[in-house]
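Asks: The structure under discussion is supplied below as structure tokens; questions concerning it will follow.
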Amino acid sequence: MSIEFIVILITALVFDFLNGFHDSSNIVATPIASRALSPRAVLWLAAIAHFIGPFLFGTAVAKTIGEEIVNPNAITLNVVLAAMLSAVLWNLITWYLGIPSSSSHALIGGLIGAVIVSVGVEALKPQGLIVVTVALFASPVLGLFAGYLLMKATLFLARGASPRINWFFKRIQIFSAFGLALSHGANDAQKTMGIITMALVIEGVATEFIVPIWVTALSAGMIAIGTATGGWRLIRTLGWRIYQIRPIHGFVSQFAGAGVILGAALFGGPVSTTQVMSSAIMGAGSAERITKVRWTVGREMLIAWILTIPAAALMAALLYWPIQFLF
């Protein structure tokens, strides 16, 4: 294997670690904020589920990332490396600022920017881009409505219940957090699996796009380690800044988010867990009272979401030439 492939492998694993570190807030913020579980317990619970997820739900998302966005013949190791580095940089920037953003958007934006500079716009696959765009932008809307409707249903079913029902909502978050982490691991670890398998095909190690079991294990392990570490800046944003989360909000938003994310993973749609969960939290809060939600925080997230793909594409385009020079 070439030095360049080894650099790509290391960069992909760093991205996978940061994906777990960056996106752990989506899974653990509500159980921590509602005091359903201790921070360390829920982080380890999420890490275990993240490791298991990629083995259970296939590789549809990995194939979308690896084959459906750009023409495989136009992808070189330099393109992959530029895309990965831009996604890593964007994750670090948004983590430092405490703004939840999408690792999926960053990776896809990086691929688009690097390919356009390397080969040209004609290397992009319009049909695949449409599928990815629909998945990325429809999923937050689905998360918002799912959170809203499930909250309305839960409030109706729990009407007249005593305050002791909070104990039930706290305990059930053990299962909802585990299910959400499974769905997140199934969707997000596959993005790294797709990148590494793509590099294996380019390198000639693999003759077709089939994800090897060692790639699945390595990707699952790195996202699990990143999750166990936890990105506290983002946990504070999702857990406390949107509104004061109670056990019922944690339960509702986790179940609503898990349903949307797992459905996307099974159909091969690389969605943003950050977007889905943020929207589900807002939907659950607004079902009680529209003014309950601090919509200014949502506006900050929306700006970050809109900027992610063009920003990552621009960074990848700028990184491509020095990488081309070095290799």
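Asks: Spot the failing condition for E67; the list is (1) of a type in the set (D, E); (2) modelled with pLDDT under 80; (3) within 14 Å of M222 (Cα to Cα), and only one is missed.
Replies: (3)
Asks: If only one of V141, V80, V132 is surrounded by fewer than 17 Cβ atoms within 10 Å (Cβ to Cβ), in a helix (DSSP H, G or I), in contact with a helix residue (DSSP H, G or I) (Cβ under 8 Å, 6 or more places away or on another chain) and modelled with pLDDT under 90, which one is it? Can you show your working first?
Replies: Values: V80 fails: surrounded by fewer than 17 Cβ atoms within 10 Å (Cβ to Cβ); V132 fails: surrounded by fewer than 17 Cβ atoms within 10 Å (Cβ to Cβ).
Result: V141 is the single residue among V141, V80, V132 that is surrounded by fewer than 17 Cβ atoms within 10 Å (Cβ to Cβ), in a helix (DSSP H, G or I), in contact with a helix residue (DSSP H, G or I) (Cβ under 8 Å, 6 or more places away or on another chain) and modelled with pLDDT under 90.
Asks: Let me ask something else about it. What residue, among those in the range 83-110 that are of a type in the set (S, T, Y) and farther than 15 Å from V14 by Cβ, is modelled with the lowest pLDDT?
Replies: Looking at residues that are of a type in the set (S, T, Y) and farther than 15 Å from V14 by Cβ, I get S101.
Asks: Take the range 219-258 and flag every residue that is surrounded by fewer than 20 Cβ atoms within 10 Å (Cβ to Cβ) and at pLDDT 85 or above.
Replies: Selection gives G221, I225.
Asks: Considering only the range 3-19, state which residues are among the charged types (D, E, K, R), within 16 Å of S104 (Cβ to Cβ) and modelled with pLDDT under 85. Spell out how you get there, then give the answer.
Replies: Applying the first criterion (among the charged types (D, E, K, R)) to the range 3-19 yields 4, 16.
In the following step, the residues that additionally are within 16 Å of S104 (Cβ to Cβ) were identified as 16.
Matches in the range 3-19: none.
Asks: Let me ask you something else. Based on this model, can you work out whether A181 counts as at pLDDT 85 or above, crowded, with 21+ Cβ neighbours inside 10 Å, touching a His at 6+ places or on another chain (Cβ under 8 Å) and in a helix (DSSP H, G or I)?
Replies: Numbers: at pLDDT 85 or above: no; crowded, with 21+ Cβ neighbours inside 10 Å: yes; touching a His at 6+ places or on another chain (Cβ under 8 Å): yes; in a helix (DSSP H, G or I): yes.
In short, no.
Asks: Pairs under 8 Å by beta carbon, first residue closer than 11 Å to P54 by Cα in the range 175-195, partner of a type in the set (S, T, N, Q) and surrounded by fewer than 24 Cβ atoms within 10 Å (Cβ to Cβ), six or more apart or different chains?
Replies: A189/T216; Q190/T59; M193/T59; M193/T216
Asks: Scanning the range 144-172 for residues that are buried (at least 20 other Cβ atoms within 10 Å of the Cβ) and aromatic (F, W, Y), which turns out farthest from S272 (Cα to Cα)?
Replies: F169
The values are calculated or read from the model by the stated rules, or taken from the named source; none is laboratory data. Quantities reported herein were computed from a predicted structural model and do not represent experimental measurements. Counting neighbours? That spans all protein chains shown, and the Cβs are built from the backbone with ideal geometry, glycine included.
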